[in-house]
Amino acid sequence: MISLLKLIINILFVFIVFGFAYGISKLEEFLERKFTFKMQRFIIVGLTVLTDFILVEIITIKTSWSFTDTLFFCSLIIPSLLWMGSFGANSSFNYTKAAAKFNTGADDGTSPIYKVSISSFAIGTLLFTISGVSISFIHYYKYFI
């Protein structure tokens, strides 16, 4: 019974992830048809910040922490998780190339350097981080003095 429940939860999770990816794809198509490039970037940055604040509010409600504490915590954790994902992908690519060179002796001679990409999503996350840490600092300023 428990394994059936786990299977159902996993299938539901997969549907949610694919649904989220499908929704983002459709949103991107809609934005490309209706708005200029600058307006698209502005909308994506705004939606990123809004989504992050909604996530903070949900965590605040579920944990009964104060909003400011949750905001500070999430302002540090969310960008860290996103950075780890992109860094891990680059690390995996380099590992695969090293294994191919060891096993076959083939070397294409290139080794990409990890670079931070400045996308609309990254700008929105950075804006959320700066605003979250600033709001927390302003709220607890009297304790620092």
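Scanning segment 131-145 for residues that are part of a helix (DSSP H, G or I) and touching a residue at least 24 places away in the same chain (Cβ under 8 Å), we see that the one that is surrounded by the most Cβ atoms within 10 Å (Cβ to Cβ) is Gly132. Among the conditions (1) modelled with pLDDT of 85 or more; (2) polar (S, T, N, Q); (3) surrounded by 10 or more Cβ atoms within 10 Å (Cβ to Cβ), Ser111 misses just one, which is (1). Filtering segment 35-56 for residues that are surrounded by 13 or more Cβ atoms within 10 Å (Cβ to Cβ), on the phi < 0 side of the Ramachandran plot, hydroxyl-bearing (Ser, Thr, Tyr) and modelled with pLDDT of 90 or more leaves an empty set.
The values are calculated or read from the model by the stated rules, or taken from the named source; none is laboratory data. Keep in mind it's a predicted model, so treat the numbers as computed, not measured. All Cβ positions, glycine included, derive from the backbone under ideal geometry; neighbour counts span all protein chains shown.
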